[in-house]
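Okay, structure first, notes after.
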Amino acid sequence: MALLITSKASSLEKLEVLGMASSYDVCAPPSVESLRGKLPGVYFAWSSGGRVSLLKTLFTNQCSRDCRYCALSSLVDGPRYSFRVEELVDLFLRLFEKGLVQGLFLSSAIPSHPDDTMERMVEVAQRLRKREGFKGYIHLKILPGTSPELVKKALKVASRVSINLEALLESSLQSLAPSKSLRSQILPLIPLIRDHFTTQFVVGIGRERDFHLLRAVESLKNRYGLRRAYFQAFRPVPGTPFEDRPPGSRTRQLRLYQGEFLVRCYGFSAEELVDERGDLPQQVDPKTYWARTHPHFFPIDLDRATYHQLLRVPGIGPKLARRLVTLRSRGELSPLHIEKAGINLRKSGPFLLLKGKPLIRGTFPQRELNLNL
Ligand code: SF4
């Protein structure tokens, strides 16, 4: 159905299309990823060393699958392009040498058997690593249905891999993407990529509640060392079978990012964060919601609070909680040092005491009740 063009277009023309098409694969929360570079296919993400600019592209946009929400599916007409392995290696090196990109995020549509494309993607990474001596960040998207041998090869050359779960129930995935299967093509690969992977969910089109998504994050982190989950609010694409469906909520997407962080890094459980319907509250961030619905937990005293108790205070994250515990152990936690330590008194003050005394007038829950929040 779709027209395949591989030879006539230049590398940059291909990048224009394949880089744009890769925006459906998320490599950072929207606030970061929206800071795109001026060149097509250049995006930003976070690594342990800070923000990095990535060449983020598909290897090909030719696809034999029929995912009903996707602009690249076999159900939708449009021009199709594919890189050749050497062409993509060369393009990346040119951009890298000019200082325009620091790493590579490579995903792909699936024109035939997933191994055929995955093999080429792995080859790009192998040539960069082994022949060109590139030591920077390489992220490879594992295509559903890839053979375990190729997954192992990908792990040897990639800094990080990811696999898109997209939905949590086989029935949900079937309604979105009839030719994909959680049971046979996706879940069996997760133990192979443990401790190295991220994943992505499409939200606003399946039947999953926020609770189910956060619970999945919790269990993937505990069992398989999930590094991060990304959430993509469903966007109806003209020409697809789902073009008339309403778009997913951006607020829900934001709340899921916040909830995911609390589950993965702050020790919250999915159950604690959701309302009686199993969804995150939309009007307020999930940590503030939790604090407001647990007045018996507050105020807590900085003089005695554990690291994990501090993490439950709105406005206090892991870094600040660690700093507060260290300052206290050195006897340096006095009212004079509080703001210097980084505590936002307006946000965190109502929830805290120091040596039995409120940090600000009107401590939670009285202050919250007075303000009728
Ligand atoms: S596999 Fe599905 S989601 Fe991926 S490119 Fe093909 S049609 Fe789109």
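The values are calculated or read from the model by the stated rules, or taken from the named source; none is laboratory data. From a predicted model like this one, the values you see are computed outputs, not experimental measurements. Positions of Cβ are generated from backbone atoms using ideal geometry, with glycine treated the same way; all protein chains shown enter the neighbour counts. Each accessible area value is taken on the protein alone, full model and side chains, heavy atoms only, with ligands, DNA and RNA left out. Shrake-Rupley method; radii C 1.70, N 1.55, O 1.52, S 1.80 Å.
When Rg and the Kirkwood Rh are both derived from Cα coordinates, the Rg/Rh ratio for the range 201-274 amounts to 1.04. Applying 1/(1 + (r/R0)^6) with r as the Cβ-Cβ distance of Glu276 and Arg250 and R0 = 22 angstrom yields a FRET efficiency of 0.40.
For the chain, taking the reciprocal of the average inverse distance between every pair of different Cα atoms yields a Kirkwood hydrodynamic radius of 22.6 Å. Going 7 Å from the Cα of Asp285 in the Cα-to-Cβ direction, what parts of the range 293-317 have a backbone nitrogen less than 16 Å from that spot? Those under the cut-off are 293, 310-317. Positive-end ranking of Ser329, Leu15, Gln62 along the dipole of the chain, with charges on Cβ about the Cα centre, is headed by Ser329. Computing the accessible area with a 1.4 Å probe over protein heavy atoms, can you report the carbon and sulfur percentage for the chain? Heavy-atom surface of the chain belonging to carbon and sulfur, 1.4 Å probe: 52 percent.
Rounded to the nearest Hz, the phi-derived 3J(HN,Hα) couplings of the range 58-73 under the Karplus curve 6.51 cos²θ - 1.76 cosθ + 1.60 (θ = phi - 60°) are 8, 6, 8, 10, 8, 9, 9, 8, 10, 4, 6, 9, 9, 5, 9, 5, where x marks glycine and proline. Simple rule: put +1 on each Lys or Arg Cβ and -1 on each Asp or Glu Cβ in the chain, find the dipole, and look at Pro144, Val157, Phe231; the Cα lying farthest toward the positive end is Val157. Which loop trypsin sites (Lys or Arg not before Pro) in the range 115-149, with loop taken from DSSP, have no more than 15 other Cβ atoms within 10 angstrom of their Cβ? Counting only loop positions with at most 15 other Cβ atoms within 10 Å, the trypsin sites (Lys or Arg not before Pro) in the range 115-149 are Lys135. Full extension of the chain segment joining Glu123 with Leu93 gains 9.3 nm, where the gain is 0.36 nm per residue of separation less the Cα-Cα distance.
Evaluating 6.51 cos²θ - 1.76 cosθ + 1.60 at θ = phi - 60° for every residue in the range 145-159, the Karplus couplings come out as x, 5, 6, x, 4, 5, 4, 5, 5, 4, 5, 6, 10, 8, 6 Hz, glycine and proline recorded as x. Looking at the chain, the DSSP beta bridges with both ends there are about 25 percent antiparallel. With N as its number of residues, the range 296-370 has a Cα radius of gyration that, divided by 2.2 N^0.38 Å, comes to 0.99. Residue by residue, the range 87-96 carries 3J(HN,Hα) couplings of 5, 6, 4, 5, 4, 4, 5, 4, 5, 5 Hz when phi is fed to the Karplus relation 6.51 cos²θ - 1.76 cosθ + 1.60 (θ = phi - 60°); x denotes Gly or Pro.
In loop segments of the range 119-213 as defined by DSSP, there are no chymotrypsin sites (Phe, Trp or Tyr not before Pro) with at most 15 further C-beta atoms inside 10 Å of their C-beta.
Computed about the Cα centre, the dipole magnitude for the chain is approximately 1320 debye when only Lys and Arg (+1) and Asp and Glu (-1) carry charge, each at its Cβ.
Which of the pairs Lys130/Lys156; Lys8/Lys98; Lys221/Lys340; Lys135/Lys156; Lys14/Lys152 have their Cα atoms more than 23 Å apart in this structure? In this structure, Lys8/Lys98; Lys221/Lys340; Lys14/Lys152 lie more than 23 Å apart at Cα.
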